[in-house]
1. Starting with the fewest neighbours, write out 187, 35, 128 ranked by other beta-carbon atoms found within 10 Å of each beta-carbon.
2. Could you tell me the distance between the Cα centroids of the stretch 58-112 and the stretch 137-191, to the nearest Å?
3. Would you work out which of 81, 26, 173 lies farthest towards the positive end of the dipole of the chain, given +1 charges on the beta-carbon of Lys and Arg and -1 on that of Asp and Glu, about the Cα centre?
4. If each DSSP helix of 4+ residues adds -39,500 (n - 2.57) and the sum is divided by the residues in the chain, what number results at 222 nm, nearest 500 deg cm²/dmol?
5. Around residue 93, which amide H atoms from residues at least 5 apart in sequence, or from another chain, sit under 5 Å from its own amide H, with H modelled in the peptide plane?
6. What ranking do 54, 1 get, fewest neighbouring Cβ atoms within 10 angstrom at the top?
7. With θ set to phi - 60°, apply the Karplus curve 6.51 cos²θ - 1.76 cosθ + 1.60 along the stretch 130-141 and write out the HN-Hα couplings as whole Hz, x wherever there is a Gly or Pro.
8. Rounded, prolate or oblate for the stretch 142-181? Axes are the square roots of the Cα gyration tensor eigenvalues, ordered a ≥ b ≥ c, and the cut-off for rounded is a/c under 1.5.
Amino acid sequence: MRKLVYYVAVSLDGYIAGPAGEYDFYPLDAEMTEWITARYPDLVPTHVRPHVGMAVDEPNKRFDTVLMGRGSYEPGLSEGVTSPFAHLRQYVISSTLGPVEDPQVEVVSSDPVGLVRRLKAEPGGDIWLCGGGQLAGALLDELDEMIVKSYPVVAGGGISAFTGAFNPTLFTPTERREFDNGAQVTWFSRA
């Protein structure tokens, strides 16, 4: 069965973005960027691939589907990118975003849990939960794995990695990798 995997960057205080969706405060590092694009090419936006030395049509290694909330989709849309991950099946979960003028992107206005359960029952690669915090909170019970890039920075406020009801859920760390910029990537599986 396919897994739902939340791959996300977080600050030390658990924020995935600033109050206005900012994410440029994470200290970037060439070593980490090179490693991430080699291990997870599927997660590099299609329009960014040529800028990091990747072919636009580079084959996916693990994922074939991406789920994102409106806040994760809109930064690209504001730059004219209607299909940020053209190499994946793309779903935007939003009750406030109208239809998108791109046949490669499907806007789903309700029941993200039902969508995930349907997708998990289909054959294929894993499903990447791109964000944001509200969607992650709604899908917490469906998460099979998390890949957390934690950066050595305190945001002080913003969009939390998970937003929703109090629901303690145990995950087990299975692997960790540290980088020269002080960031770490940690893999967690549902306990």
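Read-outs throughout are calculated quantities, based only on the coordinates presented, and are distinct from any laboratory measurement. Please read all numbers here as calculations on a predicted model, not as lab measurements. Counting neighbours? That spans all protein chains shown, and the Cβs are built from the backbone with ideal geometry, glycine included.
1. 35, 187, 128
2. 22 Å
3. Farthest along the dipole direction, towards plus: 173.
4. On the way: 4 runs with 35 residues, N = 191.
That comes out to -5000 deg cm²/dmol.
5. Excluding prolines and chain starts, which carry no amide H, the hits are 68, 69, 70, 108.
6. Ascending number of Cβ neighbours within 10 Å: 1, 54.
7. 7, x, x, x, 5, 5, 4, x, 5, 9, 3, 5
8. It comes out oblate by the Cα gyration axes.
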